[in-house]
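Q: Could you have a look at this structure, given as structure tokens, before my questions?
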Amino acid sequence: MSIRCAIVGCGLIADEYAHTLNASSLVDLVSCSDLDIDRARAFAARHTIPNVESFEHLDADLVVVLTPPSEHVGVASAAMRSGMSVYVEKPLAVSSSEAEALLGLATRHGVLIGAAPDTLLAPPIQSAAQALAAGLIGEPVAATAALLSPGPERWHPRPESIYGLGPLLDMGPYYLTALIHLLGPVVSVRGATTLRRPLRTKVSGDTFTATAPTHVEALLETAAGVALTLTTSFDIQGTTRPHLEIYGTDGTLLLPDPNFHHGVVRLRRRGEATWDTIPPAPSRSVVGRGMGVLDLAEALRTNGRGKATANLALHVLHVIETIEQAAATGTSQAVPAGDAISAQTDGRSR
């Protein structure tokens, strides 16, 4: 039985989702919706989607919410109240309180909720998880993650909303999700932020003003005592810093960019002079943006529970907000406890 799936929000990222979903027999992409009806119709034509509907008239088992983040909660809430499960692009919400309300609503209406990013399901992060479980680098000691970019105005036609979030809330979920999935929940943070270049220029030549910090540095500690360093920036013109490295007592893991689903994981062990490539972990599904939707669809089909859950996304939001608080106060801050997250588990939750 295929799970009937609808996409709400037919912007740039929706094409990647549609390609992944159409490559699987697990789902049937039955409809799409967008405030711009012409964009929705063009999207439906590109991906052979039979119906273009207003959001109020959607009829599906699973709704994929790809709207701007400010609309995530409203769209997801309406779908769940209508008895439809939802999968929400990152961030799950723009605040942890809104995310908590979404999880509560899903429980009350007996539906499933999943959240991006789903790159933790892809071969690179799964390979790293297996390497850690096998003790290939010994006990994890520290890790570093970095999103260093000049900013999305170089390519995005409407970057203003991204600069309302800033790199921490916009791109941080990819890096934090990978770190937390591999090394466990974060319990305390320190942070610092800057906004040195607020005036930005779009590809059209028009200018706009960034309102959120454009460079964020954070030092985090996990429940297991692993020290994590996170940098997210839209102010960096060039870098040789790796996207993600994990350091252990017996070696180092080098991971590709966790914003993507492909790439090579490398291992260098103590006493060795070269890096070895770790074979990619096998994937049971189509690999690409939308793997989390397929995971949730499988859970619906089997009355199970999905892996890329909203609990993990909620913990990520708690960490992001605590980094902001720590930066504002210049003090170490504790991350709210209670999120059902543990290292190298699927964090299953209804």
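Q: So how far apart, in nm, are the two label points at T207 and R154 if each is 7 Å from Cα heading toward Cβ?
A: 2.1
Q: Express in nm, to one decimal, how much length is gained between N22 and S188 on full extension, taking 0.36 nm for each residue of separation and deducting their alpha carbon distance. Walk me through the numbers before you get to the answer.
A: Working: separation 166, 0.36 × 166 = 59.76 nm, distance 4.12 nm.
Full-extension gain reported as 55.6 nm.
Q: Under unit Cβ charges (Lys, Arg +1; Asp, Glu -1), what dipole magnitude, rounded to 20 debye, does the chain have relative to its Cα centre? Spell out each step's value before the answer.
A: Working: 26 positive and 34 negative charges, 84 e Å.
Computed charge dipole of the chain: roughly 400 debye.
Q: Something else: For a Förster distance of 41 Å, can you work out the FRET efficiency between the beta-carbons of L12 and Q130, rounded to the nearest 0.05?
A: It comes out at approximately 0.80.
Q: Would you tally the net charge around T144, using a Cβ to Cβ cut-off of less than 10 Å, leaving T144 out, and scoring K and R as +1, D and E as -1?
A: That sum, taken over residues with Cβ under 10 Å, equals 0.
Q: Percent antiparallel among DSSP beta bridges with both residues in the chain, to the nearest 5?
A: That works out to approximately 60 percent antiparallel.
Q: To the nearest Å, what is the center-to-center distance of segment 154-228 and segment 42-120, using C-alpha atoms only?
A: 23
Q: In addition: Which residues does the label zone of L195 cover in segment 291-326, counting backbone N under 13 Å from a point 7 Å along Cα→Cβ?
A: Residues passing the 13 Å test: none.
Q: Each residue of segment 309-316 in order: what ³J(HN,Hα) in whole Hz does its phi give by Karplus 6.51 cos²θ - 1.76 cosθ + 1.60, θ = phi - 60°, with x for Gly and Pro?
A: Residue by residue, segment 309-316 yields 8, 6, 4, 5, 4, 5, 4, 4 Hz.
Q: For the chain, what does -39500 (n - 2.57) per DSSP helix run (n ≥ 4), summed and divided by total residues, give at 222 nm, in deg cm²/dmol to the nearest 500?
A: So the helix-based figure for the chain works out to -10000 deg cm²/dmol.
Q: For the residue pair A142 and R39, what label-to-label distance in nm results when each label sits 7 Å from Cα along the Cα-to-beta-carbon direction?
A: 4.3
Q: Can you classify segment 3-115 as rounded, prolate or oblate using the Cα gyration tensor, where a ≥ b ≥ c are the square roots of its eigenvalues, rounded means a/c under 1.5, and otherwise it's prolate if a/b beats b/c and oblate if not?
A: prolate
Q: Would you give the gap between the C-alpha center of segment 1-23 and the C-alpha center of segment 271-329, rounded to a whole Å?
A: 19
Q: Label-point separation (nm) for T274 and A223, each offset 7 Å from Cα along Cα-to-Cβ?
A: 4.1
Q: With +1 on the Cβ of every Lys and Arg and -1 on the Cβ of every Asp and Glu, and nothing else charged, how large is the dipole of segment 1-157 about its Cα centre, in debye rounded to the nearest 20? Numbers along the way, then the final one.
A: Details: 8 positive and 17 negative charges, 31 e Å.
That gives segment 1-157 a dipole magnitude of about 140 debye.
Bear in mind that the values in this text are calculations on the coordinates, not laboratory data. Keep in mind that this is a model prediction, so the values were computed, not measured. All Cβ positions, even for glycine, are placed from backbone atoms using ideal geometry, and neighbour counts span all protein chains on display.
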